[in-house]
Amino acid sequence: MRNWGNHVTPVAQQTILSKIVVVSPEKIFSWYCTVILMSWTLLCLAEGKVHYYDFHLREKNFTRLCTTTNMLVVNEQLPGPTIYVQKGDTVFVNVYNHGFYGVTIHWHGVKQPRNPWMDGPVYITQCPIKPGMNFTYEVKFSDEEGTLWWHAHSDWTRVGVHGAIVIYPEEEATYPFRHDAEEVLVLGAWYTYDVNWLVIESDGKTEPVSDSYTISGQPGDFCPCSREETYHWEVEYGKTYLLRLVNAALNAELFFAIAEHNLTVVGMDGAYLKPFESTYVDLAAGQTMDVLVTVNQSPGQYYMAVRQLFTGEASFTKLDKSNVTAILQYSGSHTPPMSLPYFPNTLPGYYNIHAAMSFRSKLKSFFPQNVPKNITTRMFITANLQEYMVNATSNYYISTFNNISWVNPDVDVLQAYYYNMSGFYTVDFPDVPPTFYDFVAYDLGANTTFGTLGTKVKGLEYGEEVEMVFQSANSMNASMDHPMHLHGHSFYAVGSGDGDFDFEEDPKTYNLVDPPALNTATVQKSGWLAIRFKANNPGVWLWHCHLDRHLSWGMNTVFIVKNGNTPETTIQGPPFNMPVCEEKTSINLKRLNDSPLHSESEAV
């Protein structure tokens, strides 16, 4: 049983004990739940509005591409329901798991100040919500404004368990741009089989490849058996629309364009950008984007189209070459049945990495930013595909940071840290890789291809200013774009480039004035990305590649940001009903039954 004495005053303990004598346990539990909920509600009312949602996770049959597939979804919707809030609000989401395996939910890009218990990644901040059980998340919004999203964060369940979050400005506040209406488009991936079951059955060694992508749950006109269900968005001539885009695909960076219409990018990852015009946008897996589109062309139908940017190697992953479409339809106009809408000829090709790099180079914050300059921690992180040797004749692929592939512990890291439980992780994640070499060279030697397994975290003092340089390494000739996501914080993407990072010259090119404030940013194939952030949110926070293939293969680790010196800089206490850890079922754990962890460093 957990010991709650450290979080209850002696007077309160005595009061509770006296009531136990005369009140039934059921009434005490009901009273306790009521008091906790009222306390949360009163606190949130002082800071913003409070909203309530019920998420019921169930298996449901969907027919796409001429095939019926059973999929776990929320409230029988694909994508799931959109959450609407204003800046600074709080949302309580009661998640009921009617499925067949454990699930958690992550609120992607929501910083959750002092509240890591509700962040969601499985075995990092909580254990799975078991089948037949429920758990209520408290989602605390702070400075985010724009579009974010929520998704499952356990194995590959987010293929169907995801949805958008729309964050409006505070009361009396205005947007830094004008628009007449808005639309949410969630870009996803479609598989004609049960992805999660396949991955679990193969212990994570099989990589599912999508059969098509989707726009708001539909593949569109160019995919089999799809034309009748293509998503239509009706617009009025002359109006300007705010289009909220979410890339919820499991393993793909996506291009998006609208035929004959320019897009003005105004926001990304819940923060505003300096507006710039483009004929297409590039979204890494996990990113969200706000764009304006003025519908001022000849009334008719126009395709909105999506295709994958492929930066990997065919020997390790396959390319989904579907051209996914939805239709922008001017109201009152009619296109003859035999006439197709215009297709966007500005949509970049599958391999056009330069189009993506050019787009990303234009991202700048709307206002000058207070970029950290007194750096106290510097980290250089290689992102790599490597091999793990089980024995002299057996090995398998792993994804690594600094040659270490993450292994989930038996108890979630946050619980182990908060209660000072030893033996579940070590605090020795290295600031640099074990060796330096030409990381982007072709046909690198065998000495670069082998990694190790570990549950190693990085500790940060509250208020530290951190610089991280990510290097996409080319061991096994497998370098590719990696979308890096940090939980609990936004960061500034201050620089990027081709080739090996130059420690002397490349920092001179940093943008320390108005870099974009993001929660997910791309390390380009055979290149580097530099980010900076201030560790001002105490707690346990995951950072990882947002490709599910790489996450399940271990390309992730954890920051533990220690408490500051005041109550306002200290982790809030845990809720009373956190899911309990039981037998491990995560893919990341199952693959390691024959690989015990060893570390000579301090176990915490």
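The values are calculated or read from the model by the stated rules, or taken from the named source; none is laboratory data. Every value quoted in this text rests on a predicted model; they were computed, and no experiment measured them. With ideal geometry, Cβ positions are generated from the backbone for all residues, glycine too; neighbour counts draw on all protein chains shown. Surface accessibility is based on the protein's heavy atoms, side chains included, excluding ligands, DNA and RNA. Shrake-Rupley method; radii C 1.70, N 1.55, O 1.52, S 1.80 Å.
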Too long at a 26 Å Cα-Cα cut-off: which of 239/321; 456/562; 362/508; 140/373?
-> 239/321; 140/373
With r defined as the distance between the Cβ atoms of residue 298 and residue 321 and R0 fixed at 35 Å, what FRET efficiency is calculated, to the nearest 0.05?
-> 0.70
With +1 on the Cβ of every Lys and Arg and -1 on the Cβ of every Asp and Glu, the dipole magnitude of the chain about its Cα centre, in debye rounded to the nearest 20, is 720
What helices does the chain hold that run 27 Å or longer along their axis, going by alpha-carbon atoms, with a Kyte-Doolittle average of -1.0 or more, using DSSP H for the helix calls?
-> 25-47
Measure of exposure for residue 532: accessible area at 1.4 Å probe, Å² rounded to 10, is 20
Express the carbon and sulfur contribution to the solvent-accessible surface of the chain as a percent, rounded to the nearest whole number, probe 1.4 angstrom.
-> 53
Run the dipole for segment 83-201 about the Cα centre, Lys and Arg Cβ at +1, Asp and Glu Cβ at -1, nothing else charged, and hand back the magnitude in debye, nearest 20.
-> 440
Given unit charges at Cβ for Lys, Arg (+) and Asp, Glu (-), the dipole magnitude of segment 106-167 about its Cα centre in debye, nearest 20, is 180
Is the shape of segment 344-477 rounded, prolate or oblate, going by the alpha carbon gyration tensor and its root eigenvalues a ≥ b ≥ c, with a/c under 1.5 for rounded and a/b larger than b/c for prolate?
-> oblate
Dipole of the chain [Lys/Arg +1, Asp/Glu -1 at C-beta], most positive-end residue of 487, 293, 215 = 487
Taking 0.36 nm per residue of separation between residue 438 and residue 570 and subtracting their Cα-Cα distance, the length gained on full extension comes to 43.3 nm
Could you estimate the translational diffusion coefficient of the chain from the Stokes-Einstein equation, with Rh from the Kirkwood formula over C-alpha pairs, at 37 °C and 0.692 mPa s, in whole µm²/s?
-> 131
For segment 44-173, diffusion coefficient by Stokes-Einstein and Kirkwood Rh (Cα), 10 °C, 1.306 mPa s, µm²/s = 105
Compute the length gained on full extension between residue 395 and residue 228: take 0.36 nm times their separation in residues and subtract their Cα-Cα distance, giving the result in nm to one decimal.
-> 55.4 nm
Counting only protein heavy atoms and leaving out ligands, DNA and RNA, the solvent-accessible surface of residue 96 at a 1.4 Å probe, in Å² to the nearest 10, equals 60
Expressed in nm to one decimal, what extension gain is obtained for the pair residue 62 and residue 354 from 0.36 nm per residue of sequence separation less their Cα-Cα distance?
-> 101.5 nm
Report, in whole Å, the centroid distance computed from the Cα atoms of segment 482-548 and segment 207-225.
-> 31
Could you calculate the FRET efficiency of residue 279 with residue 94 from 1/(1 + (r/R0)^6), where r is the beta carbon distance between them and R0 is 60 Å, rounded to 0.05?
-> 0.90
Mean residue ellipticity at 222 nm from the helices of the chain, using -39,500 (n - 2.57) per DSSP H segment of n ≥ 4 over the full residue count, to the nearest 500 deg cm²/dmol?
-> -3000 deg cm²/dmol
Solvent-accessible area per residue for the chain at a 1.4 Å probe radius, Å²?
-> 40
Roughly what percent of Cα-Cα pairs across segment 232-373 reach past 23 Å?
-> 39
Set the Förster distance to 25 Å, then compute FRET efficiency between residue 362 and residue 513 from the Cβ-Cβ distance, nearest 0.05.
-> 0.95
